[in-house]
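Before any comments, here is the structure.
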Amino acid sequence: MGANRPRASESRTAKLASGRSPRIRRFLEDSRTLFSVAAPSELVPAEHFVGTDVLRNRFSFYGESIELGDGIDWDRNPGSPHWGHDLNRFGFLVLDDQNPSQARAMEGLILDWIRKNDQPRYRYTPYAWQNLLNIAIRIENWFRFLAARSQSGTSELDAENWIQIKSSVFRQLIVLLRLIRKRGFESNWALIGLRSALYLLFSIDSFPHREKLIQIAWHDLRKAIELQILPDGVQQELSPHYHWVALEIIWSISVMAKQSGRPEQDDLSATIASMADFLNALILPDGGIVSLGDSDFDYGPRIRNFLSQIDSENDTQPNTTSVKTYPYAGIAIVRDLKAGHVLAFDAGPLGTAHQHEDALSFWLTAFGEPCLIDPGRYLYDYSAGSMYSFLCSSAAHSTILVDDQGQNAKRHPDRWRRRAGGMPVVDRESDLIRLVGRYSDGYGKKTADVEHQRTILCDMKNAAWTIVDRIEGTGLHSIEARFQCAPCAWYRGDGFISLLRGHTKFRIEYSSDWNDVTVLEGSRSPMGGWFSPGVNKLVPAPCLSLRGSFALPFETRTVIRASRDLA
């Protein structure tokens, strides 16, 4: 039965709306369409919810499936730490495939949540009410799903149901705006929450106090952009994935404002252009993306498609060698698109969230094939000894360890974000491009007096890259240099390791100073040689480990050469 044919009696409907202010009563009783702007794209694609069957109350998030049985307790989490959050975000609504039974059950789950969580109870509801991200994503997912159902004429919600939903959404939106201000504006949570709020406010003309709430949300959006987007256009978490999330949110808000005929959308154009420039520079010839920090290599095609929607110059960049530097993010990207070469060097601060202890690591792609990579994130499991903890560590990246300890930039929160531009230093010597970065925030809890300077000489014409590592300090220290490679066939020779990926050969030549040379691949002890190309994906990948004890200062040189294998 369609939503325009309510089953509830007029007296019952009037009773539900009674006892409220006139504005709220008008909103609840308004039977006009609620969906005057197009819904923004979902934050999490349907593939991550495969295995969900709402008819059986079985929910699957990132491959973890649990059947809840009759009577869902929305604040009970029977799974991994993130599972309860995903349940309350209703991302599984994107699986609506016009199956009438499934769709009716999805509508029923929305009403079930409302019945069991009618009033905010912050202290006792970590999943339903305490988490602003859950509220934001939930109400946006509800309305995206309900818009599709309403516009197709297949919704079976009656007038009483709509009053329940609108009453709950009004309550949740007010709580959401309060929580955003309470938590602050410096993370992507604020942007996600503000998009959700503005989507509802732009869509519903009769929303109580609509203009006032839009002014509040837009003021907070400006504040979040001011705090989060660095002067070079990079989002301060310094993760390409979450930079894309922030950009997609800001762009979609601009689109919705334009659809609503509001002038505010002009405020966002310069921010969108500068953020798109950075993201575009990270797109790789094979369609992937340089996945620094908590990012996913296999999101590249989706991000490329998104960039095409905002008229990026993704496919029209010059074929000559170009260098892009982002001095606040501390990232330099050297590209030769004609040859298929990309080197991205991370000489920046830690970032404010979703970052790894990976200073001075780098990504190298040659002839369209990745050679040295960032390990990815796998799954958000914060328990001690988890794979996520390892992937965040220096040992998972192409950088150095001192006395078996990784970098410890997290202990200096005042340095997580730059207030002025800095390294890497970039200059040219004839056909060479020189990048220089420095890390001085210490290793482990005790080794604070050792500093690492890395220089990368890029010979893009001859597909050769020379890495000069200088470790400064005093005394005798154990030094380990790791080079995390992409999954490939490999062979270790005398003073080198040879890699083959696709039709590209790589040769990594290292100094004879090292007295312990090993290749770790899918190793648990010692941990090393892992790559996560996407969420809940993990594969072995060779990691070259070079170890030795040296009196500091110590300097070593490593050369990487690439060639095409056309045999």
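The values are calculated or read from the model by the stated rules, or taken from the named source; none is laboratory data. Note that this is a predicted model, so its numbers are computed, not measured. No Cβ is skipped: glycine too gets one built from the backbone with ideal geometry, and neighbour counts run over all protein chains shown. In case anyone asks, the SASA skips ligands and DNA or RNA and just uses the protein heavy atoms, side chains included. Shrake-Rupley method; radii C 1.70, N 1.55, O 1.52, S 1.80 Å.
How would you rank 552-560, 183-191, 521-529, 324-332, highest first, on the average number of other Cβ atoms within 10 Å across their residues?
The peptides rank, most packed first, as 324-332, 183-191, 552-560, 521-529.
To the nearest 10 degrees, how steeply does helix 188-203 sit against the main Cα axis of the chain, on a 0 to 90 scale?
30 degrees
Given the peptides 457-469, 416-428, 386-398, arrange them by the average over their residues of other C-beta atoms within 10 Å, most packed first.
So the peptides 457-469, 416-428, 386-398, ranked by packing, come out 386-398, 457-469, 416-428.
Taking only DSSP H segments of four or more residues, each worth -39500 (n - 2.57), what value at 222 nm results for the chain once the sum is divided by all its residues, to the nearest 500 deg cm²/dmol?
-9500 deg cm²/dmol
Please state the charge dipole magnitude for the stretch 19-207, taken about the Cα centre, from unit charges on C-beta atoms (+1 on K and R, -1 on D and E), reported in debye and rounded to the nearest 20. Please list the in-between numbers first.
Values: 24 positive and 22 negative charges, 209 e Å.
About 1000 debye.
Once phi is turned into ³J(HN,Hα) by the Karplus curve 6.51 cos²θ - 1.76 cosθ + 1.60 with θ = phi - 60°, what whole-Hz value does each residue of the stretch 326-340 show in order, with x for glycine and proline?
With coefficients 6.51, -1.76 and 1.60, one gets 10, x, 7, 6, x, 10, 10, 10, 10, 10, 9, 5, 5, 7, x Hz.
Output the 0 to 90 degree angle, nearest 10, between the alpha-carbon long axis of helix 159-183 and the longest principal axis computed from the alpha carbons of the chain.
The answer is roughly 40 degrees.
What part of the accessible area of the stretch 19-207, given as a whole %, is carbon or sulfur when the probe is 1.4 angstrom? Don't jump to the answer; show the numbers that get you there.
Working: 3540 of 7540 Å².
Answer for the stretch 19-207 is 47 percent, counting heavy atoms of protein chains only.
Would you please calculate the Kirkwood hydrodynamic radius of the stretch 362-448 over all C-alpha pairs and express it in Å, rounded to one decimal?
Every distinct Cα pair counted, the radius reaches 15.7 Å.
Roughly how tilted is helix 300-309, in degrees to the nearest 10 and between 0 and 90, from the longest Cα axis of the chain?
Helix 300-309 sits roughly 60 degrees off the main axis of the chain.
Convert each backbone phi in the stretch 102-118 into a coupling constant with the Karplus relation 6.51 cos²θ - 1.76 cosθ + 1.60 (shift: θ = phi - 60°), then list the ³J(HN,Hα) values in order as whole Hz, x for Gly and Pro.
Per residue, the Karplus-derived 3J(HN,Hα) values read 5, 5, 4, 5, 5, 4, x, 5, 4, 5, 5, 4, 5, 4, 8, 9, 5 Hz.
Please compare each pair in LYS223/LYS410; LYS324/LYS537; LYS461/LYS505; LYS338/LYS410; LYS116/LYS182; LYS182/LYS445 to a cut-off of 28 Å on the Cα-Cα distance and tell me which ones are over it.
Over 28 Å apart, Cα to Cα: LYS324/LYS537; LYS338/LYS410; LYS182/LYS445.
Among (1) 77, 34, 21; (2) 49, 24, 22; (3) 122, 38, 27, only one was calculated for this model; which label is it, if the read-out is semi-axes √(5λ) of the Cα gyration tensor in Å?
(2)
Quick one: Karplus J couplings for the stretch 144-153, per residue in order, coefficients 6.51, -1.76, 1.60, θ = phi - 60°, nearest Hz, x for Gly and Pro?
Whole-Hz 3J(HN,Hα) from phi for the stretch 144-153: 5, 5, 5, 5, 5, 5, 5, 5, 8, x.
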